[in-house]
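These notes concern the structure reproduced below.
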Amino acid sequence: MSLTKQTLRMSREKPIVQKNHAGCVVPASVKKWAHLPMYQLIALWCLQQKRWVDRDEIADAFRIDKRRASFLMSYILGRPARIHCQAREIPRVDSHYSLHTLLVENVILDEVPAPARTPIDTTPKCRRVGNGAAEDWQWLLRRAPPK
């Protein structure tokens, strides 16, 4: 592999966030959104295709395995508030499996980052240790017995 091809390939690779996931290659058409999560990248890519897309095409475009492409398709279908899409199932004649395809109609992106979480105060509110303070024992001993 020549140096220019290797440099181009390395510049298009999406960094791995989780250790249990393999990397992927971001197609040039969605390179400007490379900072987004993988499912949003795939949804944007499908939107640009303007046709029904199956898991094999997604796997080839992003260089991921077909099983992961299938999982990401189902993840996209579970996000109706962010990704407006349709799914269809085409029965295969030669197999008992069906071909699932996806048509993305709209992708809603949150360009504004989520506000940073404020740290929780973990200091104890009461610093007493043991059976209680001496004032509490004095109060208990002085009070009138219940009737």
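We did not get these values from a lab; they are worked out from the coordinates using the rules stated. Keep in mind that this is a model prediction, so the values were computed, not measured. Cβ placement follows ideal geometry from the backbone for every residue including glycine, while neighbour counts extend to all protein chains displayed.
In terms of modelled amide H atoms, which long-range or inter-chain residues lie less than 5 Å from the amide H of R63?
Distant-sequence amide H within range of R63: V25.
Give me E89, E57 sorted ascending by neighbouring Cβ count inside 10 Å, so fewest comes first.
Fewest to most other Cβ atoms nearby, the residues stand as E89, E57.
Sequence gap at least 6, Cα distance under 8 Å: using those rules, report the relative contact order of segment 75-114 to the nearest whole percent.
38 percent
Show me, for segment 139-147, the HN-Hα J-couplings you get by feeding each phi into the Karplus relation (A = 6.51, B = -1.76, C = 1.60, θ = phi - 60°), rounded to Hz, glycine and proline as x.
5, 5, 6, 8, 6, 6, x, x, 9
What list of ³J(HN,Hα) couplings, whole Hz, do you get for segment 76-91 from phi and the Karplus terms 6.51, -1.76, 1.60, once you set θ to phi - 60° and write x for glycine and proline?
Ordered by residue, 3J(HN,Hα) equals 4, 5, x, 10, x, 6, 9, 10, 8, 8, 10, 10, 9, 10, 10, x Hz.
Once the piece of chain linking S98 and A144 is laid out straight, how much longer is it, given 0.36 nm per residue of separation minus the C-alpha distance between them?
Contour length minus the Cα-Cα distance gives 8.5 nm.
Residue by residue, what Karplus-based ³J(HN,Hα) values in Hz, rounded to whole numbers, does segment 50-65 have, using 6.51, -1.76 and 1.60 with θ = phi - 60° and x for Gly and Pro?
6, 7, 6, 10, 10, 5, 5, 5, 5, 4, 5, 5, 9, 6, 10, 6
Multiply the residue separation of Y75 and K50 by 0.36 nm, subtract the distance between their alpha-carbon atoms, and state the gained length in nm to one decimal.
Stretched fully, the Y75-K50 segment lengthens by 7.0 nm.
Expected output is a single nm value to one decimal: the length gained when fully extending between R82 and K31, i.e. 0.36 nm times separation in residues minus the C-alpha distance. What is it?
Extra length available between R82 and K31 comes to 16.4 nm.
Amide H of A34 versus every other amide H placed in the peptide plane: which residues, excluding those fewer than 5 positions away on the same chain, fall under 5 Å?
none
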